[in-house]
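Okay, structure first, notes after.
Just so you know, all these numbers are worked out from the coordinates, no wet-lab data involved. This is a predicted model, so every value here is computed, not measured. Ideal geometry is used to build each Cβ from the backbone, glycine not excepted, and the neighbour counts take in all protein chains shown.
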Amino acid sequence: MAVAGLYRRILPSPPAIEFASSEGKRLFSESLQNGTMEGFFKLISHFQTQSEPAYCGLASLSMVLNALAIDPQRKWKGPWRWYDESMLDCCEPLEKVKAEGITLGKVACLAQCAGAKVESFRTNQSTIDDFRNHVVKCTSSEHCHLIASYHRKPFKQTGTGHFSPIGGYHAESDMALILDVARFKYPPHWVPLALLWEAMDTIDEATGRPRGFMLISSHQRAPSLLYTLSCRDESWASMAKYLIDDVPILLKSEDLKSVHDVLSLLLMSLPACAGNFIKWVAEVRRQEEEGSSLSKEEKDRLAVKEEVLHQVHETELFKCVTDLLSSSTSNCKLRKKDSLTEIAANVCCEGAALLCGGLTSRNGICCRTCIRCLKDNGDKHTTVVSGTVVSGGGSEQAVDMLVPVSKAMTGSSCDTTLNNCIVMHPANNDVLTVLLLALPPTTWLDIKDESLLAEIQGLVSTENLPDALQQEVGFSCF
C-alpha cells in the first residue's frame, strides 16, 4: 500500500557537497586542521530538526542558544531549563510563525529577548568580504555562531526562504558548511560561500527587504539587571514609534526653555500603554528548594543590582526626573503605584506560574504576601518578599522574590512587617532615567535653544557613566 508524503530530497550536487560524503569528510578534516571548525562541536551537540515546516528560524536559534549555554531562566519540561522552539514566542506568535514563517528581524528580536548578544546584517548593509570575515571569526570560536537567512533556489534546492546555522568554513575552496535544520529534507552540506551570499542577497517577500545573516554570542554578564523592554506586549510598536519618531518632533517646540519643560513634555506625551512596555526584572525562587538562606550566586547578583540602582540615583538626570515627578504639575503615564506590596503580589503570581510550569496568575491568587529580611554572615540585610500562590484547584506554591536594597539603606533597621521595612526597589523615576539615557543621542538635536540643547546633552550623555550603568543602558538602547 502506497504511503502519502515525501521521504527526504536528493541533495543537488553540485553545487552542494554532502557533509557525510568522502569529499565532505575531506573538507571537514582540512577545516579542522586549519581551525575553522571550532564552533562546529558545540553546534553539533545541540543539532536539532525543526519540528514544523516553517520553524527553521526557531530551530536554528534554539540550537545556537543551547550551544552558547544561555540559561532560559524558565523550565522547558520537568525540572529542566532548556531552549526549545516552543519557548521562542515573545516577538511573534507561534501560530503565525507556523503558518507564515519568520523574518530575519524577528529572529534577531527573539535572540535578544533570550539574553544573547546579536548583530544582524542584511546584504545591503554588508559585503561578501565582510561576510566571509564573520564566517571565519565564528567558525574559529566556540563563543560566536552565525545564522544565515537565505533562499534555496541558488542551490537548486526545493523551497523558498530558509534559516540555518553555519557550522564550518573551508578556506582553500571558500566553502561554508550549512547545518540544515530541515534534516527531514536535506542533510548538512558544504556550499560555495559566494553562492551562499547570492542566496542571502534575495528579497524576502514578507518584508520587501534583503535577507542576510546574524552573529549571536553570549554577554559577559546577564543583560538587563533591573529592566527589560517587553516586545511581547502590544505596547511595543506604539512605544517604539513614540520614542524614535514622535519625540524628535515634540522637541522642535519653540516653548521649551528649561530642562523641566523638556522632561515634562516627554512625560505628558507618553502613550497610555507606557507602563506595560518596561518590565522590572525580578528574581523568584521556590522557598522549599532554597530554605531561608541565600546562595553566594544570589548574593552576588543582588549586589550588582544594588550597585547599578545606586549609580542610577547618583546621576543628575535622576535628580531632575525625581523633582519633576514630585511636582504638582507632573502627569506621568507610567503606573502610579510603586508600592512593593503591589509588585510583590504580581511577581509572586507570575513567578509561581513559571516555576510550576502551568499555574497562571489569571487562575491563582496571592495570599500571605509579606516582606522579611534575611541576615548574611556580614550582618547585611537582604530583602525577600515571601508569598504563597493558590491555584484555582487549591494547589499551593510558596515563592520568594529577592529585592535589591539601596546602599544608602543597608544600615537601616528592618523587621518583618510590610509597613516598617525600609527597602529600595526600582520605581518610576529609575525607569524614566534609564529610558532617557538609552535614547539615541540624535533624539535631542531638534531642540532649538542651543544652551538648553547643551544642558540636555550633558544630562543624557553616557560617556562618563560607571561601567555597570553603561552596560545596563546599553542593553536598553533603541
(message) Suppose the chain between ASN34 and ASP89 were pulled fully straight at 0.36 nm per residue; how much longer would it get relative to their current alpha carbon spacing?
(response) 16.0 nm
(message) Can you list residues from other chains, or at least 5 along the same chain, whose modelled amide H is less than 5 Å from the amide H of LYS117?
(response) SER217, SER218, HIS219
(message) Could you give each residue of the range 87-99 its phi-based ³J(HN,Hα) in whole Hz, using Karplus coefficients 6.51, -1.76, 1.60 with θ = phi - 60°, and x for Gly or Pro?
(response) 8, 9, 10, 7, 9, 7, x, 4, 5, 6, 4, 4, 8
(request) Please give, to one decimal in nm, the separation of the simple spin-label points placed at ARG209 and GLU23, each 7 Å out from Cα toward the Cβ. (result) 3.7 nm
(request) Please list the non-local residues whose amide H lies under 5 Å from the amide H of TRP76, H modeled 1.01 Å from N, same-chain partners needing a gap of 5 or more. (result) ARG81, TRP82
(message) Just want to confirm a number: the relative contact order over the range 34-162, from Cα pairs under 8 angstrom separated by 6+ residues, in percent.
(response) 29 percent
(request) Step through the table entries LYS106/LYS137; LYS96/LYS185; LYS299/LYS319; LYS25/LYS185; LYS98/LYS185; LYS106/LYS185, compare each Cα-Cα distance with 26 Å, and write down the pairs that go over it. (result) LYS299/LYS319
(message) Calculate the FRET efficiency for GLU52 and LYS257 from the Cβ-Cβ distance with a Förster distance of 56 Å, rounded to the nearest 0.05.
(response) 0.45
(request) Add +1 for every Lys or Arg and -1 for every Asp or Glu among the other residues with Cβ under 11 Å from the Cβ of LEU459, and state the total. (result) -1
(request) Using per-residue counts of other Cβ atoms within 10 Å, averaged over each peptide, order 83-92, 162-171, 17-26 from highest down. (result) 162-171, 83-92, 17-26
(message) Run the numbers for ARG74 and ASP446: contour at 0.36 nm per residue of separation, minus the present Cα-Cα distance, in nm.
(response) 129.6 nm
(message) Take GLU142 and LYS96, extend 7 Å from each Cα along the Cα→Cβ direction, and tell me the distance between the two endpoints in nm.
(response) 3.8 nm
(request) Can you pull the one-decimal nm distance between simple spin-label points at ILE44 and ARG8, each 7 Å off the Cα toward Cβ? (result) 1.7 nm
(message) Please compute, for the alpha-carbon atoms of the range 1-81, the extent along each of the three principal axes and give them in descending order in Å.
(response) 49, 43, 20
(message) Which order do the peptides 303-310, 8-15 come out in when sorted by mean C-beta neighbours inside 10 angstrom, highest first?
(response) 303-310, 8-15
(request) Set the Förster radius R0 to 51 Å, insert the Cβ-Cβ distance between SER238 and ASP174 as r into 1/(1 + (r/R0)^6), and round the FRET efficiency to 0.05. (result) 0.65
(request) With r as the distance between the Cβ atoms of ALA194 and LYS156 and R0 = 22 Å, compute the FRET efficiency 1/(1 + (r/R0)^6) and round to 0.05. (result) 0.90
(message) Multiplying the sequence separation of ILE128 and MET268 by 0.36 nm and subtracting their Cα-Cα distance, what value in nm do you get?
(response) 45.7 nm
